[in-house]
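All remarks here apply to the structure that follows.
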Amino acid sequence: MSPRPVLGAVADDLTGATDLAITLVEAGFRTTVVVGDREPGAVAGSTDARVAGRGVDAVVVALTTRSDPPETAVRRTLGALERLRAAGCERFYFKYCSTFDSTPRGNIGPVLDAVLDELGETATVVVPSFPANGRTVYQGHLFVGDRLLSESSMRDHPVTPMSDADLRRLLAAQSRSATGLVPLQVVRRGPAAVRSAFDELVGGGARLVVVDAVDDADLVTVARATAHVRLLSGGSALAQGLVGPRPTGASEVDVPDGPRIVLSGSASVATRGQVAHALMHGAGTRLRAAALRDGFDATVDATVRAALDAPREPFVVYATATAEDVVPGDAALLERAFGAIAQGLVAAGVRALVVAGGETSGAVTAALGVRHLDVGPVLDPGVAWARAVRDDGDDVALVLKSGNFGGPDLFCRAWDVGRRSEATTDAAPA
């Protein structure tokens, strides 16, 4: 196996990066998630005892560009692409949310245009489908469950409201590239038919080709049909059709015993349901921007003490429990507070945290000095424990969950993997 990674990916948020890494690991790629603007080559060729000798087949760079201005998202993505190429990556993947979170100005279209130009490539596919989580594309329209994207809860998202489900129309508003569609009836005829349709559309001038997919078998077909395409784009589920060099790329992750604490900054409907479920079984406190403005350090310290002294578990620190709690102008202050709370908890000895929301995950990993993440046990589609390798060498276990992902009981169930590990160790014969 090559000591250098062959696949390089850029994700527009941290939880999207871990989601893609989970899929790549299950497809047989030993995968590292590099946080922010660090050098991928330093991880792939590390002499650190925790990394050396393992080899890395894929590197995913986790950016926080989903809600950046388009010009900023393009600049940062091209910077990540340059670092991946310098690390030896030969094929590339731009990962965005399976609900295509963006605005009429971008960022998905402008980033795809820029990456294609930088690589000198003619075209790519656009495949956000994630059937396991109810995201499918049919006749170029994105569905969430049985509803069009524009009729789902994403229509009222506070940052990226999605009022149109037609991917070609969305891309036309964002991108200077012509678009095309490979419909489901072609996908169902197999990889050769998809490749022929893709090549014909590209020959006619299309650069961004939307491909229908309503189940995992469709995604495998698309992945096989586009083996000749140097740049892939889509949600993480498309990666399940790739074939890595190993039976599995999973890393071992120790989930130590200790307080079961959740930091939830996501405003998504799924996460608000998980917060409600956890509060019914455990305890928690709402992190309020007004209190932080009145006394940031005092509020952070009080929250850390409450989490450590909680009489019931899990203990959830949450920013939003209802749609009315969402105040976009408070986001930066709340994320800074979540990072400070994570620092306080880890300084007090906590070595496992569940974190919900892409921006919250980014704030926590930055505050903890996380260099890279190695993916471990999977909890739900797109959700897993990971070993967070930190600058100070003191690793912690993290779940970094996209707002839309995970079952209703995830916050209560996440530590079961740790309990099973402890029970197995305790029962082992001397």
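The values are calculated or read from the model by the stated rules, or taken from the named source; none is laboratory data. Note that the coordinates shown come from a computational prediction; the quantities given were computed from them, not determined experimentally. Ideal geometry is used to build each Cβ from the backbone, glycine not excepted, and the neighbour counts take in all protein chains shown. Ligands, DNA and RNA are excluded from the accessible area calculation, which covers all protein heavy atoms including side chains. Shrake-Rupley method; radii C 1.70, N 1.55, O 1.52, S 1.80 Å.
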Filtered residues of the stretch 340-368 (kept if on the phi > 0 side of the Ramachandran plot and modelled with pLDDT of 95 or more): 349
Being open to solvent by 10 Å² or more (accessible area, probe 1.4 Å), under 18 Å from the mean Cα position of the chain (by Cα), acidic (Asp, Glu) and over 24 Å from residue 309 (Cα atoms) narrows it down to one of 335, 359, so name that one. 359
Considering the stretch 370-383 alone, what residues qualify as being more than 10 Å from residue 417 (Cα to Cα), of a type in the set (A, V, I, L, M) and at pLDDT below 90? 375, 383
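Out of all the residues in the stretch 231-251, which are touching a Gly at 6+ places or on another chain (Cβ under 9 Å) and surrounded by fewer than 24 Cβ atoms within 10 Å (Cβ to Cβ)?
Matches in the stretch 231-251: 242, 243, 244, 245, 246, 247, 248, 250, 251.
A quick yes/no check of all residues on (1) over 23 Å from the mean Cα position of the chain (by Cα); (2) farther than 19 Å from residue 399 by Cβ; (3) aliphatic (A, V, I, L, M):
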position: 236; (1), (2), (3): no, no, no
position: 250; (1), (2), (3): no, no, yes
position: 255; (1), (2), (3): no, no, yes
position: 259; (1), (2), (3): yes, no, no
position: 267; (1), (2), (3): no, no, yes
position: 270; (1), (2), (3): no, no, yes
position: 282; (1), (2), (3): yes, no, no
position: 286; (1), (2), (3): yes, yes, no
Scanning the stretch 87-123 residue by residue, those more than 18 Å from residue 405 (Cβ to Cβ), in contact with a Gly (Cβ under 9 Å, 6 or more places away or on another chain), crowded, with 21+ Cβ neighbours inside 10 Å and of a type outside the set (A, V, I, L, M) turn out to be 89, 92, 93, 94, 102
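Quick one: which of 215, 254 is open to solvent by 50 Å² or more (accessible area, probe 1.4 Å), touching a Pro at 6+ places or on another chain (Cβ under 6 Å) and farther than 26 Å from residue 175 by Cα? Spell out how you get there, then give the answer.
Working: 254 fails: touching a Pro at 6+ places or on another chain (Cβ under 6 Å).
It is 215.
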Residue 395 passes all but one of the listed conditions (1) more than 13 Å from residue 255 (Cα to Cα); (2) modelled with pLDDT of 90 or more; (3) open to solvent by 10 Å² or more (accessible area, probe 1.4 Å); (4) out of contact with any Ser or Thr (no Cβ under 9 Å at 6 or more places or on another chain); the exception is number (1)
Which condition from (1) in contact with a Ser or Thr (Cβ under 6 Å, 6 or more places away or on another chain); (2) open to solvent by 70 Å² or more (accessible area, probe 1.4 Å) is the one that residue 137 breaks? (2)
Test residue 273 against the stated conditions and say whether it is open to solvent by 20 Å² or more (accessible area, probe 1.4 Å), among the small types (Gly, Ala, Ser) and either without any contact (Cβ under 8 Å) to a residue 60 or more places away in the chain or on the phi > 0 side of the Ramachandran plot (or both). no
